[in-house]
Each structure stands twice: as C-alpha cells, then as structure tokens.
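Participant: Would you mind keeping the following structure in view while I ask a few things?
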Amino acid sequence: MGRFAAVILILISLAACKGDTTTTVRAQSANNGDTRVAKTLFGAASSGSQQSANAIGGYARGCQAGGVELAETGPTWQAMRLSRNRNWGQPALVDYVKDLSRFAATQPGWEGLYVGDLSQPRGGPMLSGHASHQIGLDADIWMLPPDRLNLTREERENISSISMRRAQGAYTNSNWTPQHEVILKAAASDPRVARIFIFPGAKVAMCNSATGDRSWLNKIRPWWGHHYHFHVRLNCPEGDANCTNQAPPPPGDGCDDAQGWVDRILNPPPPNPNPRLPRGPITMAQLPSQCSGVLSSN
C-alpha cells in the first residue's frame, strides 16, 4: 500500500461513520460526521486508484475510481498546465479527447487540440477552479488552434489560450473561425456527449450559420465564461450504476434560449436583491460513500 493510501486509511479510521440499510441512504449518509474538506484529500492524490473504472456521483458532487491519465503529448494533442495534474479521466473521456483531437487535426490551421483540465487523478472537488470535473467525464478544450505539438512543460505553463468573445460574450470576435464551428459540431455530434458549454455569442453565431441537420445544436448550451475554452461533458458510461447523469437539455435547438442570454448581456436586468450566499467547501460527508474507498485504495 502506498504512503498516500496509508495516510488516508488512518484518517478514515478517525472519522465518524454510521451504518446504512439501502443503497440510496448509503450514498447520502455513510460518511455522516466526516467533516474533512474533500478538496484537500482529493487534491493530494497523485495517481488514479487501482480499481475498475467507475464515475461515482454527479458531475459537481462525486469522484472517480480507476481514472486513467491522458498522455501529456500525443500525435494530435497536448495536455496543458501539467503542474495541476488534471489530465485524468474515465477511459471513455480519454478516448473521446483523442478522437476529437484526430478530427481537429484535419482542419486547416489546426495540428490537433490543446487540452485543458479534465479531472484530478481520483476526481473529487478541486483545490481551485471548477465546481464540476469531479467524476472524470468533463474536459476543457482550448480555443487556441495549435500550430505545433512540441511545447515544453514550461511553455505549457506560460502560454495562454485566446478569447473568442466580444461585448462581454454577446458576440464572437475576429478570432472566431469556421474551423471552430466545425470542431464544435463534431464534438457535439458524438453520441457520448451530454452537453457542451460555451459563451452565449458563440452559440448564437452557430445558430445563425448552421444549415441542414441542426440537432447537434441542442447539446451546445450557453454559460458564463467559456470563451477561452469550451467544456465538454460526457454522458455516464452505459452500465455505470454509480454515476448520475445531468437532466438532458430541453427539446429543440436551444437557439431562442441563447438569444435570450445575449439580450440580457446587452440589456442587463436589475441585480438580484437576494443574491445566493457562497457555500462552504464540500466535505466528505457530502460525497457518495464510495469516495472514501476511492481515497483509501492503492
């Protein structure tokens, strides 16, 4: 057993845990009383667990067993910001990223993809940044078209992607190209994909230019930020009983909804007089019970 696993076993033995009677109750209460901050524990894991691949819980409240590492460099991709150690995911996600990168490499001016954050080795809440990316089924793809795939580790820490937005995200800017649209269409057309997040102006731009079959637009959803990268979220793998899918997008192409986002950017509504208060960090008690086993596994 590795040093990390041994430390986790000691910590788990000190945590108060209660029994359970059903699967539903276990996912919610087996870690009752365990007030340890989950991001501290999962952020310390340097490698995936030696378990069968399994996405556990929901995209913003879970962990991953048997996570695999996306190679730092491949024929048509490079993983960025290697110091974060967030180039891990479920096998389905790693396969998807490789497939999409091969397609991207067929586009003029693109040697493949620069790949941002996937998940931590064992998933879970991250030390900084994302609220999701916890179960190994989310990936950020940079908007910057790669012109070479031999960046050093240092270059990958210092290079930045490029923004595609204008007017706070109401419109695309001159960096936006037909190749971005083609790659996003391919990304969304893959049946493994649940949805893709991107800034509202980009969704409206694609709505205005799309011809023929528009069904792929349904999966592309407007969201704040997401103008330096687009965020791909996969469906739970078939047969993965511990994984909780997000509700599917509403029917239709979603273009009217995206235009509504743009309208609100251009004409902001009054501020909410009762803004949501910030939440404290997620504790182990708030994660599915299996996540304790993921941490303690070799």
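Participant: Checking the conditions here, which among Ser215, Ser289 is among the polar types (S, T, N, Q), under 25 Å from Ala104 (Cβ atoms) and touching a Ser or Thr at 6+ places or on another chain (Cβ under 9 Å)? Working first, answer last.
Facilitator: Numbers: Ser289 fails: under 25 Å from Ala104 (Cβ atoms).
After applying the criteria, what remains is Ser215.
Participant: Kindly evaluate Ser209 against the criterion of being within 16 Å of Ser101 (Cα to Cα), touching a helix residue (DSSP H, G or I) at 6+ places or on another chain (Cβ under 8 Å) and without any contact (Cβ under 8 Å) to a residue 40 or more places away in the chain. Please lay out each step first, then the result.
Facilitator: On the way: within 16 Å of Ser101 (Cα to Cα): no; touching a helix residue (DSSP H, G or I) at 6+ places or on another chain (Cβ under 8 Å): yes; without any contact (Cβ under 8 Å) to a residue 40 or more places away in the chain: yes.
So Ser209 does not fit the description; no.
Participant: Hey, another quick one. Between a residue in the range 51-70 that is closer than 14 Å to Lys39 by Cβ and open to solvent by 10 Å² or more (accessible area, probe 1.4 Å) and any residue that is modelled with pLDDT of 95 or more and not in a loop (DSSP other than H, G, I, E, B), which pairs come within a Cβ distance under 9 Å, given they are 6 or more apart or on different chains?
Facilitator: Final answer for the pair search is Arg61/Gln286.
A quick yes/no check of all residues on (1) touching a strand residue (DSSP E or B) at 6+ places or on another chain (Cβ under 8 Å); (2) open to solvent by less than 10 Å² (accessible area, probe 1.4 Å); (3) in a loop (DSSP other than H, G, I, E, B):
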| position | (1), (2), (3) |
| --- | --- |
| Lys98 | yes, no, no |
| Gly123 | yes, yes, yes |
| Gly129 | no, no, yes |
| His133 | yes, yes, yes |
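Participant: Scan the range 169-198 and report the pairs whose first residue is at pLDDT below 95 and whose second residue is open to solvent by less than 20 Å² (accessible area, probe 1.4 Å) and not in a strand (DSSP E or B), with Cβ atoms within less than 7 Å and a gap of 6+ or a chain change.
Facilitator: Cβ pairs passing all conditions: none.
Participant: What do you reckon, is Asn87 touching a Gly at 6+ places or on another chain (Cβ under 8 Å), buried (at least 20 other Cβ atoms within 10 Å of the Cβ) and under 22 Å from Arg195 (Cα atoms)? It would help to see each step written out before you state the result.
Facilitator: Details: touching a Gly at 6+ places or on another chain (Cβ under 8 Å): no; buried (at least 20 other Cβ atoms within 10 Å of the Cβ): yes; under 22 Å from Arg195 (Cα atoms): yes.
In short, no.
Participant: Another question, then. When you go through Gln90, Gln78 one by one, which is the residue that is over 27 Å from Ser289 (Cβ atoms) and in contact (Cβ under 8 Å) with a residue 24 or more places away in the chain?
Facilitator: Working: Gln90 fails: over 27 Å from Ser289 (Cβ atoms).
Result of the check over Gln90, Gln78: Gln78.
Participant: Which one of the conditions (1) open to solvent by 60 Å² or more (accessible area, probe 1.4 Å); (2) within 29 Å of Leu41 (Cβ to Cβ); (3) of a type in the set (A, V, I, L, M, F, W, C) does Leu93 fail to meet, given that it meets all the rest?
Facilitator: (1)
Participant: Only one residue in Asp140, Asp117 is in contact (Cβ under 8 Å) with a residue 24 or more places away in the chain, in a strand (DSSP E or B) and closer than 24 Å to Glu181 by Cβ. Which one? Step through it out loud before you land on a result.
Facilitator: Details: Asp117 fails: in a strand (DSSP E or B).
Matching residue, one of Asp140, Asp117: Asp140.
Participant: Identify the residue in the range 273-294 that is modelled with pLDDT of 95 or more and aliphatic (A, V, I, L, M) and, among all such residues, is farthest from the chain's Cα centre (by Cα).
Facilitator: Once the filter is applied, the top-ranked residue is Ala285.
Participant: Right, next: Between Leu149, Leu137, which is surrounded by fewer than 19 Cβ atoms within 10 Å (Cβ to Cβ) and touching a strand residue (DSSP E or B) at 6+ places or on another chain (Cβ under 8 Å)?
Facilitator: Numbers: Leu137 fails: surrounded by fewer than 19 Cβ atoms within 10 Å (Cβ to Cβ).
Result: Leu149 is the single residue among Leu149, Leu137 that is surrounded by fewer than 19 Cβ atoms within 10 Å (Cβ to Cβ) and touching a strand residue (DSSP E or B) at 6+ places or on another chain (Cβ under 8 Å).
Participant: Counting only residues that are of a type outside the set (Gly, Ala, Ser) and surrounded by fewer than 10 Cβ atoms within 10 Å (Cβ to Cβ), which one in the range 277-298 is nearest to Gly225 (Cα to Cα)?
Facilitator: First, the residues of the range 277-298 that are of a type outside the set (Gly, Ala, Ser): 277-279, 281-284, 286-288, 290-291, 294-295, 298.
So of that shortlist, the ones also surrounded by fewer than 10 Cβ atoms within 10 Å (Cβ to Cβ) come out as 277-279.
Values: Leu277: 20, Pro278: 19, Arg279: 20 Å.
Filtering the range 277-298 for residues that are of a type outside the set (Gly, Ala, Ser) and surrounded by fewer than 10 Cβ atoms within 10 Å (Cβ to Cβ), the one nearest to Gly225 (Cα to Cα) comes out as Pro278.
Participant: Among (1) among the β-branched types (Val, Ile, Thr); (2) at pLDDT 50 or above; (3) open to solvent by less than 70 Å² (accessible area, probe 1.4 Å), where does Thr35 come up short?
Facilitator: All conditions pass for Thr35, except number (3).
The values are calculated or read from the model by the stated rules, or taken from the named source; none is laboratory data. What you are looking at is a predicted structure, and each value in this text was computed from that prediction instead of being measured. Methodologically, a virtual Cβ is constructed for each residue, glycine included, from the backbone with ideal geometry; neighbour enumeration extends over all protein chains shown. The protein model used for the area step is the full one, side chains on, heavy atoms only, and it has no ligands, DNA or RNA in it. Shrake-Rupley method; radii C 1.70, N 1.55, O 1.52, S 1.80 Å.
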